[in-house]
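One structure below.
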Amino acid sequence: MSTQRETARAILAAYALPALPLAILTLPLYVLVPSFYARELAIPIAAVGQALLAVRFVDALSDPLVGLFADRWRPRFGRRRLWFVLASLPTALAAFLVFTPPQGAGVFYLMLWGIVVSVASTAALVPYTAWGAELSTSYAGRARIAGWREITALIGTLLALFAQVLVPLAGFPGERAVLLALGICVLALLPVTALIAVARVPEPVDLSVARLSLRDGLVHMRANRPFLRLILAFLLNGFANGFPATLFLFYVSEKLGAGDAAGPLLVLYFLCGIAGVPLWLRLAQRLTKHRAWCIAMLIACGFFLPATFLGPGDLGAFALVCIGTGFALGADLMLPPAIQADVIDVDTAASGEQRSGLYFAAWGLATKLALALAVGIAFPLLSLAGFDPAAGLRAESGLLMLAVLYAGLPIVLKLAAIALMWNFPLDAEAHAKLRAQIEAQ
């Protein structure tokens, strides 16, 4: 029995390993890159926001195509593993180019390589998350797989944060040197960890008993009411999380006047996220995954509320905000994908075809749409309110808008997501009946 557990843990560890370089890629892309291009390359903040909005919308077009091919193409090596390993190298290369712009690079450079890295990472992430969803068929097992993956991702995020301290200590000051170091890490680690995962983790069994046309498949997806309810809640919550993720560095440096504390505060935030994952797993087993997620969002709302009113000298109070919202982060990252895996079973039972790729493509599309809306709305509104560091504008109205977008608006959005998810119809008992139906087919 202990040997079986060790084998299962080795497989989980191998599967989770690529999440580390993918997280090292993600944090700079969404948090450091916007401020770096606005500050160091002196690109107006509104132009950066428009460029990133264009990147997200172009990238969104790739999600359904990748999802369809990932489900329909069945090579001998495996429809999940082959897609993932083939996409890992172009993802790493494009990320390196985004992180290391030449002197004089402008909006077009950011837009071009931003699109390439986003599309390539979609081709990697859709089969990767579908692979994880199909590795287990149990209600609790899927949460465990997501927990392993997201803890590893949070460790990667912390490594990206530590790089901001260690790289200057090694004698290479400045954001450009930090982004270069992170680009090298992604370029070296992502292809290697992808190869380890495909060598150690088995291809999931395809439980499809039918092949649907695209039109019939979309009809079944539209009829999947738990999926529609979940993805709307996820979109609202992702939109809520997109504002603080995009504006964190501006909030700490300009609203609190403590730019040097941004790195330690992010470390605190993500450490609390790691610490929270085992507790959210336990709560999800005791209650349900959707109720545990709702409780996490309520906690985040409670801690975001005072952040709307903080100002210079309130660094200690904001550290408490980072602790509370960081603790809720573990649930935000782990529980929705585990619920999504259960929602896919609703479709599989009804349609006869297991289409995890298409469903996780829709999931990715919602994620990107939420982030695109956050960036595309936040930066122009800040500019209109009189906040643009590249132009030296820091009006009081702009700082107020920064606080409202960072903390106030996310509360409203999260409360709407909670209203959708509190009485979600899929729990362990309902899921067990679904699995029995699928096995009977």
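The values are calculated or read from the model by the stated rules, or taken from the named source; none is laboratory data. Since we're looking at a predicted model, the values are computed, not measured. Here the Cβ positions follow ideal geometry from the backbone for every residue, glycine too, while neighbour counts run over all protein chains shown.
Go through the range 296-322 and give me each residue that's of a type outside the set (Gly, Ala, Ser), in a helix (DSSP H, G or I) and surrounded by 18 or more Cβ atoms within 10 Å (Cβ to Cβ).
MET297, CYS301, PHE303, PHE304, PHE318, VAL321, CYS322
From GLU254, GLU203, grab the single residue that is of a type outside the set (Gly, Ala, Ser), in contact with a Lys or Arg (Cβ under 9 Å, 6 or more places away or on another chain) and farther than 28 Å from LEU159 by Cα.
GLU203
Report whether or not VAL404 is under 30 Å from VAL343 (Cα atoms), over 19 Å from the mean Cα position of the chain (by Cα) and surrounded by fewer than 19 Cβ atoms within 10 Å (Cβ to Cβ).
The answer is no for VAL404.
If I ask for residues that are of a type outside the set (Lys, Arg), in a loop (DSSP other than H, G, I, E, B) and at pLDDT below 80, which ones from the range 204-238 would you list?
Answer for the range 204-238, where residues must be of a type outside the set (Lys, Arg), in a loop (DSSP other than H, G, I, E, B) and at pLDDT below 80: PRO204, VAL205, ASP206, LEU207, SER208, VAL209, ALA210, LEU212, SER213.
Just one of (1) outside any helix (DSSP H, G or I); (2) within 22 Å of TRP148 (Cβ to Cβ) trips up ILE274, so point out which.
It is condition (1) that ILE274 fails.
Go through (1) of a type outside the set (S, T, N, Q); (2) touching a residue at least 40 places away in the same chain (Cβ under 8 Å); (3) farther than 23 Å from PRO173 by Cα and name the single condition LEU287 misses.
Result: LEU287 fails condition (2) only.
What is the residue count in the range 150-197 for residues that are β-branched (Val, Ile, Thr) and at pLDDT below 85?
Here the count works out to 1.
When you scan the range 1-82 for helices (runs of 4 or more DSSP H) that lie fully inside it, which ones turn up with 1 or more residues that are under 22 Å from TYR359 (Cβ atoms) and at pLDDT 75 or above?
2-16, 19-27, 45-72
With the structure loaded, tell me whether ILE344 is assigned to a helix (DSSP H, G or I), in contact with a Phe, Trp or Tyr (Cβ under 6 Å, 6 or more places away or on another chain) and over 29 Å from GLY114 (Cβ atoms) or whether it fails that test.
yes
Taking into account only those residues within the range 429-441 that are in contact (Cβ under 8 Å) with a residue 60 or more places away in the chain and loosely packed, with under 15 Cβ neighbours inside 10 Å, which is farthest from the chain's Cα centre (by Cα)?
Checking each candidate, the answer is GLN441.
Mind telling me which of the residues PHE379, PHE424 ends up being aromatic (Phe, Trp, Tyr) and either without any contact (Cβ under 8 Å) to a residue 24 or more places away in the chain or assigned to a helix (DSSP H, G or I) (or both)?
PHE379
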